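Report on the following structure.
The values are calculated or read from the model by the stated rules, or taken from the named source; none is laboratory data. Note that this is a predicted model, so its numbers are computed, not measured. All Cβ positions, even for glycine, are placed from backbone atoms using ideal geometry, and neighbour counts span all protein chains on display. Protein only, heavy atoms only, side chains kept; ligands, DNA and RNA dropped before computing areas. Shrake-Rupley method; radii C 1.70, N 1.55, O 1.52, S 1.80 Å.
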Amino acid sequence: MTTPAFSLLTPDCVMNALDSFGYHCDGHLLALNSYENRVYQVGMEEDLPLIVKFYRPGRWTDEAILEEHTFMQELADREIPVVPALIVDGKTLHSFEGFRFAVFTRHGGRPPEFEGRNTLEWMGRFLGRIHAIGAIKPFQHRPTLDIASFGDEPLHFLLSNSFIPADLDAAYRSVAEQALSGVRYCFERAGSSVKALRLHGDCYAGNVLWTDNGPHFVDFDDSRMGPAIQDLWMLLSGDHADMARQLNDALVGYEDFYDFDLHELHLIEALRTLRLIHYSAWLAQRWDDLAFKQAFPWFNTQRYWQERILELREQIALMSEPPLRLV
């Protein structure tokens, strides 16, 4: 069956989708900051606004989306602050005019400031609890964060679809291949003791909302199997000394609930490198979506690829250095 394009997802379609399940919209519709999917805050006639998320057609199977919903509900049932999909008519995943969507309660908050010790320890406690639940059983329908899916395949897409300018193609190809060799070396140094578990997968500041009661975690759309450090390294910034202090602060809380394998320190820069390559390919794969052209006008310019070459060269150097040393 042919799936509809997001260009057909009109405001009327959004509100009619909710109306079809008994949610009576008051006509207020606010598009939220999401590009992979389409997410809206929708006003209700006699209740608080709701958040409705329309999934990008063709990205996930129904089974994979339902695994995301199930994981979030597992966490919520254990009083971990996440925002699970609402159950409507016995289901969390719904369909309207070919679009798949889920409905969530609205939760406000501000981006966290990861520089503070108390904030990092607080984040660590909740991530430790998330990982303790994530380690109980694996995903069956969602992917694993690995070198093939986050490095080799994205690089192949970029090089085989002529996104790199001709005069930079050889330089980018060479530096990306060197970077992936460095990634493999880091994984070898980490060794076989590193285990994959269910993760948030994209735990940067934009996916954490902070209130006076602490954090709550949103958008598990990139949830997948992977090493625990994937959810921790995005809390870190600055030079090695800064990142070591920040990670140490986070682990003070984290290890109250889940043991951290120090071998995973070898993976921090490797995972950062994979994210950089994957991000460029993600933009390229979505470049026929007008929303991406409007939001990322700097992508695919000469300067963009020159900066990516320099960025990967820096990562090659960083991956050859000893891992963070915790204090």
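Tell me which residues, restricted to the stretch 299-327, are part of a loop (DSSP other than H, G, I, E, B) and among the hydroxyl-bearing types (S, T, Y).
Of the residues in the stretch 299-327, the ones part of a loop (DSSP other than H, G, I, E, B) are 299-301, 320-327.
Scanning the stretch 299-327 gives T301, S320.
Sort through A295, A244, A250, A291 and tell me the only one that's under 21 Å from the mean Cα position of the chain (by Cα) and either at pLDDT 95 or above or crowded, with 16+ Cβ neighbours inside 10 Å (or both). Show your work before the answer.
Working: A295 fails: either at pLDDT 95 or above or crowded, with 16+ Cβ neighbours inside 10 Å (or both); A244 fails: under 21 Å from the mean Cα position of the chain (by Cα); A291 fails: either at pLDDT 95 or above or crowded, with 16+ Cβ neighbours inside 10 Å (or both).
Unique residue meeting the criteria: A250.
Might you let me know whether the stretch 209-220 holds any residue that is under 22 Å from A76 (Cα atoms) and modelled with pLDDT of 95 or more?
Yes, some residue in the stretch 209-220 is under 22 Å from A76 (Cα atoms) and modelled with pLDDT of 95 or more.
Looking at the stretch 177-196, which of the residues that are aliphatic (A, V, I, L, M) and open to solvent by 10 Å² or more (accessible area, probe 1.4 Å) is farthest from G109 (Cα to Cα)?
V194
If I136 satisfies every condition in (1) open to solvent by less than 20 Å² (accessible area, probe 1.4 Å); (2) over 30 Å from L9 (Cα atoms); (3) not acidic (D, E) but one, which is the exception?
The failed condition is (1).
Quickly run through the stretch 141-152 and pick out the residues that are surrounded by fewer than 19 Cβ atoms within 10 Å (Cβ to Cβ), under 17 Å from W60 (Cα atoms) and either among the acidic types (D, E) or out of contact with any Asp or Glu (no Cβ under 7 Å at 6 or more places or on another chain) (or both).
Of everything in the stretch 141-152, those that are surrounded by fewer than 19 Cβ atoms within 10 Å (Cβ to Cβ), under 17 Å from W60 (Cα atoms) and either among the acidic types (D, E) or out of contact with any Asp or Glu (no Cβ under 7 Å at 6 or more places or on another chain) (or both) turn out to be P143, T144, S149.
E45 versus (1) touching a His at 6+ places or on another chain (Cβ under 7 Å); (2) open to solvent by less than 60 Å² (accessible area, probe 1.4 Å): which is the lone unmet condition?
Unmet condition: (2).
Report, by residue number, each residue of the stretch 153-176 that is under 14 Å from I309 (Cα atoms), open to solvent by 40 Å² or more (accessible area, probe 1.4 Å) and in a loop (DSSP other than H, G, I, E, B).
Once the filter is applied, which keeps residues that are under 14 Å from I309 (Cα atoms), open to solvent by 40 Å² or more (accessible area, probe 1.4 Å) and in a loop (DSSP other than H, G, I, E, B), the stretch 153-176 yields nothing.
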